Amino acid sequence: MTGISLLDNPVQEYAWGSRTFIPRLLGKPSPSRAPQAELWMGAHPNGTSKVFWENRWTLLSDLIEKDPPGMLGKDTAARFCNRLPFLFKIIATSKPLSIQAHPNQEQALEGFKKEINQAIPLSAPNRNYRDPFHKPEILCALTPFWALKGFRTVNEIRSMLDRIGFPAAEVPYLQEEGKNALKKLFTSLFTMPGKKQRRLVSEMVSAAEAHASSNPAFAWMIGLHREFPYDVGVLGPLLLNLIHLKPCEALSIAAGELHCYLDGAGIEVMVNSDNVLRGGLTEKHIDIPELLEILNFSPGKKNVLHPEARRSGEWFYVEGSEEFILSRISLDHDRFYESPLNRSVEIIICVQGESEVSDIGTGDELRLSCGSSIIVPAQVRGYRIRGDGTLYKATVPLDESKGSHGS
């Protein structure tokens, strides 16, 4: 495969998805029959993109297998064992996702081996580690987006409880400080016997009702309780930082960082992994002891990422990983974008307006409308994009440019 090609991407229908955002983006009937939660762009075993190549649709995974260096680039193919190391997504929520965290690389490899030795099938619902990879991720808001991310400080949790008139003495370990106190507090709440846990959640939600109009954290507690009655995850907004992203703002999720996406639509790029440890707000498998093993209990950073201009027309979200980097390309009729000379494989999606992509080597042209996406193999000599629109690009940073993230 040598040229820039259109993608046809699978849509994942999960109960928490939106019936409108992804269909509208793709120009399809809205509302959809079923909730459409995620659009996957990549070569994940549970949903790989198709590529329009030589007048027919072919699985991206098959094209990579036939020519890893040409598709991925020699460096990327060598470093990641001939596999596309990232998964690019559109995510659209209408209900909160589970409270969850992802393992680091060492934990993922150890957990995967352990469950293989225990003969737990890869598709088993009680499987925690479905592959041996870590799963850092970045989410960039396309609409106003609400999320929980990282633990609050002990002082902040005390203040939240004081504000709703709930005696801190009722919650163990709040007289201590630091990450050990947070670990004890979280462990106490999430391993509490069911009857006692339900009573505590009910009392805290009742106490929060009078303050819901003045503090969105309390409003979210009440909303979560409606969706997941008496689930201990309802207390998430008390324990975790509540973050509200504006469009184009982003957040980065590190290994071991407890988080929960609450509402909104965004662009997401992550390592191509399925490893998720859940703590609440879900009907899926929950494994609190294993979650406790991987969690980072240091108070979380509340920093919101803003894109930084590194090339003409391109802005980078600089907190990536060795597997991926995310950027936004903004075009108008007076400005075009030209790709860098040294590059790895790239996946690009148009989220607003229209543009035209020109392959510098072959002269071939492709028109991108809203919702259209393309793959640019590493062996493509270069390309230009003209038009009036906004695009997002996921790629693999090259070894020699890790510090500048491929800019």
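General remarks:
- Comparing mean-square fluctuations of 266, 233, 47 from a GNM of the chain with C-alpha springs under 10 Å, the top value falls on 47.
- With the largest listed first and rounded to whole Å, the semi-axes of the equivalent ellipsoid of region 4-87 from the Cα gyration tensor are 29, 15, 9.
- Based on every Cα atom in the chain, Rg and the maximum pairwise Cα distance Dmax equal 22.2, 71 Å.
- For the chain, relative contact order (Cα pairs under 8 Å, six or more residues apart, normalised by length) works out to 21 percent.
- Cβ-derived FRET efficiency at R0 51 Å, residue 119 paired with residue 246, nearest 0.05: 0.60
- With the convex hull drawn over the C-alpha atoms of region 96-306, the volume per residue is 119 Å³.
- Globularity ratio of region 17-162, using Cα Rg and 2.2 N^0.38 Å: 1.33
- Extension gain, residue 303 back to residue 46 (0.36 nm per residue minus Cα-Cα distance, nm): 89.3 nm
- With the gyration tensor restricted to C-alpha atoms of region 122-184, the semi-axes of the equivalent ellipsoid amount to 32, 20, 12 Å, longest first.
- Top of 258, 189, 72 by mean-square fluctuation, Gaussian network on the chain, Cα under 10 Å: 189
- For the chain, the longest principal axis of the alpha carbon atoms and the long axis of helix 154-163 meet at an angle near 60°.
- At 1.567 mPa s and 4 °C, Stokes D of region 205-338 from Kirkwood alpha-carbon radius, µm² per second: 74 µm²/s
- Cα-based convex hull volume of region 237-303 per residue, rounded to whole Å³: 120 Å³
- Kirkwood Rh and Cα Rg combined as Rg over Rh, evaluated for region 321-366: 0.96
- Separation in nanometres of the label points that stand 7 Å from Cα toward Cβ, at residue 338 and residue 206: 6.9 nm
- FRET efficiency for residue 388 and residue 292, using Cβ-Cβ distance with R0 set to 35 Å, rounded to 0.05: 0.10
- Of 328, 152, 226, the residue with the greatest mean-square motion in the GNM of the chain, using alpha carbon springs below 10 Å, is 226.
Every number in this text was worked out from the coordinates using simple rules, so none of it is lab data. Since the model is a prediction, treat every value here as computed from it, not as a measurement. Reconstructed Cβ throughout: ideal geometry from the backbone, glycine too, with neighbour counts over all protein chains shown.
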